Every structure is written in C-alpha cells, then in structure tokens.
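Let me begin by presenting the structure, written as structure tokens, before commenting on it.
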Amino acid sequence: MKQILTVALLTTLLAACKKDQYYLYNDIARLQFGPAPERIYTTSFEMADTVKPYTFYYEPATTTQDTVFFDIYAIGGVSGNDRPFILEQVTLNGEENAVPGTHYKAFSDPSLKEVYVIKAGEVHASVPVILLRDASLKTKNVKLQIQVKANDQFQPGEIRKLWRRVNFTDMLSQPAAWNASAVQYYWGKYSQVKHSFMINQTGEKWDEEFLTYVNTDYALLTFWRLKLRTLLTDYNNAHPSEPLTDETGETVVFP
C-alpha cells in the first residue's frame, strides 16, 4: 500500500510540475510563437522557423526594405474583440544586434499598430518584421531577436516559444535550406565562394526558393550535383595553379 501511495504521489507531483511549466491556458489569454497553421499539430515542426536567415543580396538596388513573417498564436480561446499584442527586441550579448530605425522598423512605429493584432474570432496572426536595407549590411550580418511582451490582453505562453530571430545581411549568405545535414551531404560545406561559383556558373540564384525546389526533386538534385562537380573540375583544370578556394582558404569541393 505504501508503494502505491508513493507512486501516486510522484505521479501527482510530476503532473503538477508539467502544468506549471506549460500552463493550463485557461487562467488568462496567453501568446506564443508557433509553426505555420497547416503544421500546428505536427510535433516535428513545433519549433520550425525559430531562426530565419535573410539577405537583400538578390534584390534589385531599388529595394529598400523587405518583410519576414512569423506565426503567432493566442492560447486560451477566441475573443469577440481585436486584441493588440506587443513585441520587443532582446539584446544578444556578444552579437551584432540590429538597430531599430536603421536595420528594421521599430515595433513601436505607428504604421505597425494595426498589424500587431489578433483579430476578433481568431487565434492566429502572421507577424510582419520589416527589415531595412541599411548600407552597413553590405559588410556585416546583424541579428534581430524578438520576444512576446505582456500587456493588458496577453501574458506570455510557453517559455521556449516566446522568441524568434532574424539573421540578416546584404551579402551572399547561407540559405536555410542548406542547413540540414541531409542537404549538406549533397552540397557540402557552405562558403560564400562556393555559393557565388554556383550562381555565376549556372545562372541560377541558388537562393532559398531555388535550393528548396532542387532539394525536393531527386532527379534535379542528382543533375545539379553532377553538373556542379563538372563545372568545378573544368574551372580547376583551367586554373591548375590556383584551384578554387573559399574565404577561409579551404579548397572548394562538391561531395
């Protein structure tokens, strides 16, 4: 009997801890980030899009700003009224932090007042983060980490889902679709030199959209992998004393 009581007590304590950690969500309306609506019930996508890379590199010179979107959710049911929410920047120690008004449109900007809202009858919103093409991005990458801030409509939700980050620049940068280990098996280690070679030799952008398209088609993946190997061999044969090396001094290879 004592064993049964002990197990029951432990089970109750564990359940209580879990409730404390993840909230019951019926105490008050809460807000947290999440995956796209069509992936909301897929566990593997729970933390998708936590960090998004972006570059202005591919955009024409006339493009002075662009927008990155994150999905955010109200927990605790719908409301008959529009519910504004607040986002704030988190300063990252030891990092090149984005500067409001210089690298991105400040969340307090009056023009954004109407978009940071969970609409009446809704529990989801697509959050725009407006990035500005400052000249400094030609020579550096900056990071913008954002988090949910409590207001009179919402308290923060689950701790690990309260933040998102954009890493952005105006230089050639690694697409998110190149991050996965399965993808790196085909394209190898990323470098700006390799990326530039792929663009210049094929006439394709090799940006997020194109790389994602190729990665999902095995025939295309095989074609481009062999094509790039051939192009690199031709280049190195034409420059026998100067094979293609990346910005770190390593010889560029395609697996």
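The values are calculated or read from the model by the stated rules, or taken from the named source; none is laboratory data. Not measured: the values here are computed from a predicted model. Glycine also receives a Cβ, built like all others from the backbone with ideal geometry; neighbour counts cover every protein chain displayed. The accessibility values were calculated without ligands, DNA or RNA, using every heavy atom of the protein model including side chains. Shrake-Rupley method; radii C 1.70, N 1.55, O 1.52, S 1.80 Å.
What the table below lists for this structure:
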quantity	calculated
Other-chain or far-sequence residues with amide H under 5 Å of Asp71's (modelled H)	Gly34, Val127
Long-range amide H partners of Thr245 with built H, under 5 Å	Val252
Percent antiparallel among DSSP beta bridges (both partners in the chain, rounded to 5)	75 percent
The stretch 129-176 - Rg over Rh from alpha carbon coordinates, Kirkwood radius	1.12
Residue-span extension gain [Glu88 to Leu221] - 0.36 nm each, minus C-alpha spacing	43.8 nm
Column: log10 I(q)/I(0), Debye, Cα scatterers of the stretch 121-255, q = 0.10 Å⁻¹	-0.49
Average accessible surface area per residue within the stretch 180-238, 1.4 Å rolling probe, Å²	57 Å²
Highest-first arrangement of 49-58, 150-159, where packing means the average Cβ count within 10 Å	49-58, 150-159
Partners for Lys119 among aspartates and glutamates (Cα-Cα distance below 14 Å; same-chain residues under 8 apart left out)	Asp71, Asp82
Peptides 224-234, 90-100 ordered by average Cβ neighbours within 10 Å, highest first	224-234, 90-100
Under the Karplus curve 6.51 cos²θ - 1.76 cosθ + 1.60, θ = phi - 60°, whole-Hz ³J(HN,Hα) for the stretch 141-150, x wherever Gly or Pro sits	9, 10, 10, 10, 9, 10, 8, 6, 10, 5
GluC sites (Glu not before Pro) lying in DSSP loop within the stretch 205-255, provided at most 14 other Cβ fall within 10 Å	Glu247, Glu250
Which listed pairs, of Lys105/Lys194; Lys52/Lys189; Lys113/Lys149; Lys113/Lys140; Lys138/Lys227, have C-alpha distances above 25 Å, in listed order	Lys105/Lys194; Lys113/Lys140; Lys138/Lys227
The stretch 30-169 - percent of accessible surface contributed by carbon and sulfur, probe 1.4 Å	50 percent
Amide H contacts under 5 Å for Ser79, placed H, 5+ residues apart	Gly121, Glu122
Karplus-derived 3J(HN,Hα), 6.51/-1.76/1.60, for each residue of the stretch 200-209, Hz, glycine and proline x	5, 7, 10, x, 9, 6, 6, 8, 4, 5
Tail fraction, Cα-Cα pairs, the chain, threshold 24 Å, whole percent	60 percent
Tail weight of P(r) past 18 Å, computed on alpha-carbon pairs of the stretch 30-169, percent	56 percent
For the chain, calculated [θ]222 nm from helices alone, where every DSSP H run of n ≥ 4 adds -39500 (n - 2.57)	-8500 deg cm²/dmol
